[in-house]
Amino acid sequence: MEKNRLNQAIDKLKSTGVRMTPQRYAILEFLLTSMGHPTADEIYRALEDKFPNMSVATVYNNLRVFKEAGLVRELTYGDASSRFDANMEEHYHIICRECGRIVDFDYPSLVDVEKEAARKTGFRVENHRMEIYGVCAECQNEKAV
């Protein structure tokens, strides 16, 4: 399944005139196969052994290209670093206040809430973002020890 998503992403990039470099391929593959929410620095560290001449700026520039192509979304939760999510389906996130871990979870879309907000305010609603905060099981276990 990941290979199919990777090929579709490559085709999308190529159709917009983006050239596929080995570094770009590796960054995209990392994002699509990990399905985590890494920072640019985490991606860089994961790939630096394979690409010793690649810079953090290269990672940031490629993430910008992927974001503009609609392949990733940038997640900002008030801390200093953005995280990147390659899961473009509608979903929500729960964030650990201790370690910063982000986990996807599915929940019925809040379309009715958007419609009600538009009706009550006169706004044209474009999107929404819901975040849930707590402490993950690993951090709870560390505190219990």
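The values are calculated or read from the model by the stated rules, or taken from the named source; none is laboratory data. Please read all numbers here as calculations on a predicted model, not as lab measurements. Reconstructed Cβ throughout: ideal geometry from the backbone, glycine too, with neighbour counts over all protein chains shown. Areas reflect the complete protein model, heavy atoms only, side chains present, ligands, DNA and RNA absent. Shrake-Rupley method; radii C 1.70, N 1.55, O 1.52, S 1.80 Å.
Cβ separations smaller than 8 Å between residues 6+ apart or across chains give the following pairs from segment 16-33 residues that are among the polar types (S, T, N, Q) to residues that are modelled with pLDDT under 90 and loosely packed, with under 13 Cβ neighbours inside 10 Å: T33/E2.
Mind listing whichever residues of segment 18-44 are over 21 Å from H91 (Cβ atoms), among the hydrophobic types (A, V, I, L, M, F, W, C) and open to solvent by 10 Å² or more (accessible area, probe 1.4 Å)? Answer for segment 18-44, where residues must be over 21 Å from H91 (Cβ atoms), among the hydrophobic types (A, V, I, L, M, F, W, C) and open to solvent by 10 Å² or more (accessible area, probe 1.4 Å): V18, M20. Need the failing condition index for M54 against (1) touching a strand residue (DSSP E or B) at 6+ places or on another chain (Cβ under 9 Å); (2) under 21 Å from I10 (Cα atoms), just the number. Unmet for M54, out of (1) touching a strand residue (DSSP E or B) at 6+ places or on another chain (Cβ under 9 Å); (2) under 21 Å from I10 (Cα atoms): (1).
Scan segment 7-16 and tell me whether some residue there is within 18 Å of M88 (Cα to Cα), open to solvent by less than 80 Å² (accessible area, probe 1.4 Å) and either modelled with pLDDT of 95 or more or charged (D, E, K, R) (or both). So far as segment 7-16 goes, no, none of its residues is within 18 Å of M88 (Cα to Cα), open to solvent by less than 80 Å² (accessible area, probe 1.4 Å) and either modelled with pLDDT of 95 or more or charged (D, E, K, R) (or both). Here R129 meets each of (1) without any contact (Cβ under 8 Å) to a residue 40 or more places away in the chain; (2) in contact with a helix residue (DSSP H, G or I) (Cβ under 8 Å, 6 or more places away or on another chain) with one exception, condition (2). Among the residues making up segment 108-127, those that are part of a loop (DSSP other than H, G, I, E, B) and either open to solvent by 60 Å² or more (accessible area, probe 1.4 Å) or not hydrophobic (A, V, I, L, M, F, W, C) (or both) are P108, S109, G122, F123, R124, E126, N127. With respect to the stated conditions, A26 is of a type outside the set (D, E), over 20 Å from N127 (Cβ atoms) and at pLDDT 95 or above. Out of (1) of a type outside the set (F, W, Y); (2) open to solvent by 50 Å² or more (accessible area, probe 1.4 Å); (3) over 13 Å from the mean Cα position of the chain (by Cα), the odd one out for K67 is which? Failing condition for K67: (3). Would you please list the contacts, defined by Cβ atoms under 7 Å and residues six or more apart or on different chains, that run from a residue in segment 36-54 that is farther than 23 Å from R73 by Cα to a residue that is open to solvent by 20 Å² or more (accessible area, probe 1.4 Å)? Close Cβ pairs satisfying both conditions: F51/Q23. Checking A86 against (1) modelled with pLDDT of 95 or more; (2) among the hydrophobic types (A, V, I, L, M, F, W, C); (3) closer than 27 Å to M20 by Cα: exactly one of these is not met. Which one? Evaluating A86 over (1) modelled with pLDDT of 95 or more; (2) among the hydrophobic types (A, V, I, L, M, F, W, C); (3) closer than 27 Å to M20 by Cα leaves (1) as the failure. Checking every residue in segment 82-99 against the condition of being among the polar types (S, T, N, Q) and open to solvent by 90 Å² or more (accessible area, probe 1.4 Å) gives zero matches.
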